[in-house]
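Please read the structure below before turning to the comments.
The values are calculated or read from the model by the stated rules, or taken from the named source; none is laboratory data. Here the structure is a predicted model, which means the values were calculated and not measured. Neighbour counts are summed over all protein chains in view; Cβ atoms, including those assigned to glycine, are modelled from backbone coordinates with ideal geometry. The protein model used for the area step is the full one, side chains on, heavy atoms only, and it has no ligands, DNA or RNA in it. Shrake-Rupley method; radii C 1.70, N 1.55, O 1.52, S 1.80 Å.
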Amino acid sequence: MFDPDIAPSGTLLGLLQRGRGDGTLHALAAPRAEALAALNHCVLHDPRRDWQVENRSLYYARLFLDLDGGLGEIEQHLFHPDDLLDTAEERTGLALAVLGHLASYGRDDALLLLRRYAATGGNWAWALDELALRDDDAGLTALAAPVLARFPHTPEGESTLAAAVRDAFEPRPWRLWAEDRRAPVTAARVRAAQEQGSFDRWQRQMRPSGPRPGWSVREVLDWAQEGLAQYPTQLRHVPATRCLTAVAGPEDRVEIIEAAAFGPEAARATALRYLAEHHDPQALDLIEAAADDPGDLVAEAAVTAFERMRSTAALERARAWIHRADALGAAAAGMLACRGAQYDAALVLGALRRTVRGEGCDAPVLWDLVDGAGRLTITCAAPVLRHVYRETSSSHLRGRAARALAATDPSFATGFAVECLWDCEESTRELAAHHATTADARVVEQLRRLAADPAEEAEVQTAVRSRFEPDAPAL
């Protein structure tokens, strides 16, 4: 995860970077050259806070189609000399995904660009995955030679090839190449790589590392601590907690409590998680003390251990800790938002306002607080929820804000729900399909478009169809 440079929310670029529905609507109303410049900037400079989970590719591809945009700038980006130096997937992943969607919409120029990049580009595996979903057998078969040429006929090359085959997200190309009778040498090499990948997985399963049956509590704690001395560092306190559950008995409680209070950091983190998961009466006091520890590992483990607790005692402690201005206070706010009662609404609302005012609209705890505002139907939270919706750079958080607004804001159906039909996240489009007023002509047109779009998610299309049924509510 990284922090991209996001333009203000009131600008066309800022709207498109956030993936908001208004971004598409404004781009279609803006001068075409200006809209395409902003669109290309987004595709070539991934604006997502977490590029691995947030969606933008279909959103940008649809806008490319609406604007009849060319692919010249994407081509220059993909085949820039930097492609040989910067091999990080986030540099080219979004552009390749956009090309994949464009290819599925029938853009042959996008398909040809993907083929060319799969043959010569640095992030070839991503391009090959896109093609695996959209290209025909002949197109994929033609890529066998350039792709396999990347792997020299050496032990190291064959090992790297086996790893590439094993880790491929889409196995279709490799299966085609392994079964290609017209290229027996290539087929034999791919089959050998497939067999080696399977053998590697079997070997890892047969040589597990870590605690063995019969280990004592002390040995598990020592194993967790030893991970910090490894290179690279191995954080073992989470698996060590599971091991501790398997070996510890009632007679070990005192030793574990001492480790949680005074042990070295990894052992302390392990003991804290164990005590929290077993609802030990002393767990909350130990967590409170550990949250102030200067070591990040111990403090973070204490907060995480508290977040995982589900007891009534933890809820009571959350009501006392919610005013803390640290990570434990944020965890307490999140717990009350997710599990608190209706009489906790004032505390959740206060934490929501305080967080937005002090930390902005991308604070991690806002995910739970926004959900809590909707779950507890805190109607007076609507203004701050609207602010989060507009300003956050996270499309997932915006979707949660939209869901909370649907529960708290009477104007949602005629307001934000309309633009949500063009949102980059399918879950947000699905929500809008249920709520957006059909009195707006744009809504009816967009619902029909989503219903007919083969690239649209099934859940969205089901929600759309429900609006056209005879007994569907008229909004």
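By average Cβ neighbour count within 10 Å, what is the ranking of 150-156, 27-33, 269-275, 346-352 from highest down?
Sorting 150-156, 27-33, 269-275, 346-352 by mean packing, highest first, produces 269-275, 346-352, 27-33, 150-156.
Would you mind computing, in nm to one decimal, how far apart the modelled labels at residue 468 and residue 310 are, each placed 7 Å from Cα along Cα→Cβ?
Between residue 468 and residue 310, the simple spin-label model gives 4.2 nm.
Find the Rg to Rh ratio for the chain, where Rh is the Kirkwood radius over alpha-carbon pairs and Rg uses the same atoms. Numbers along the way, then the final one.
Details: Rg = 26.5 Å, Rh = 25.8 Å.
Rg divided by Rh gives 1.03.
Just round it to a whole percent: the fraction of Cα-Cα distances in the range 334-457 exceeding 16 Å.
Of the Cα pairs, 59 percent sit more than 16 Å apart.
When the accessible area of the chain is split by element with a 1.4 Å probe, what percent falls to carbon and sulfur? Don't skip to the end; give the middle numbers.
On the way: 12070 of 22550 Å².
Summing carbon and sulfur atoms, their accessible area is 54 percent of the total for the chain.
What base-10 log of the normalised intensity I(q)/I(0) is obtained for the range 298-407 from the Debye formula, alpha carbons as equal point scatterers, at q = 0.12 Å⁻¹?
Taking Cα atoms of the range 298-407 as identical point scatterers yields -0.36.
Along each of its three principal axes, how wide is the spread of alpha-carbon positions in the range 108-158, in whole angstrom units, largest first?
38, 20, 14
Which number do you get for Rg(Cα) / (2.2 N^0.38 Å) in the range 1-141? Provide the component values of the computation, followed by the final result.
On the way: Rg = 14.6 Å, N = 141, 2.2 N^0.38 = 14.4 Å.
Rg over 2.2 N^0.38 Å, computed on Cα atoms: 1.01.
Please report the projected area of the range 218-369's Cα convex hull averaged over all directions, in nm².
Its average projected convex-hull area is 9.4 nm².
From largest accessible area down, sort 296, 50, 66, 423; use a 1.4 Å probe on the protein chains.
296, 66, 50, 423
Residue 32: net charge of surrounding residues, Cβ under 11 Å, Lys/Arg +1, Asp/Glu -1, itself excluded?
Here the count lands on -3.
Hey, what D do you get for the range 376-432 in µm²/s if you plug the Kirkwood alpha-carbon radius into Stokes-Einstein at 20 °C and 1.002 mPa s? Before the final figure, lay out the partial values.
Values: Rh = 11.0 Å.
Value of D from the Cα-based Kirkwood radius: 196 µm²/s.
Tell me the Kirkwood hydrodynamic radius of the range 55-199 in angstroms, computed as one over the mean inverse distance between distinct C-alpha pairs.
15.8 Å
Go through 180-192, 159-171 and give me the packing order, highest mean Cβ count within 10 Å leading.
159-171, 180-192
Explain nothing, just the number: dipole magnitude of the chain about its Cα centre with +1 on each Lys and Arg Cβ and -1 on each Asp and Glu Cβ, in debye rounded to the nearest 20.
660 debye
Along its principal axes, what span do the Cα atoms of the range 215-280 show, with the longest given first and each in whole Å?
Its Cα atoms span 35, 21, 17 Å along the three principal axes.
If you count only protein heavy atoms with a 1.4 Å probe, what accessible area per residue comes out for the chain, rounded to a whole Å²?
47 Å²
What is the spin-label model distance, in nm, from residue 258 to residue 444 if the labels are put 7 Å beyond Cα along the C-beta direction?
Roughly 7.7 nm, to one decimal.
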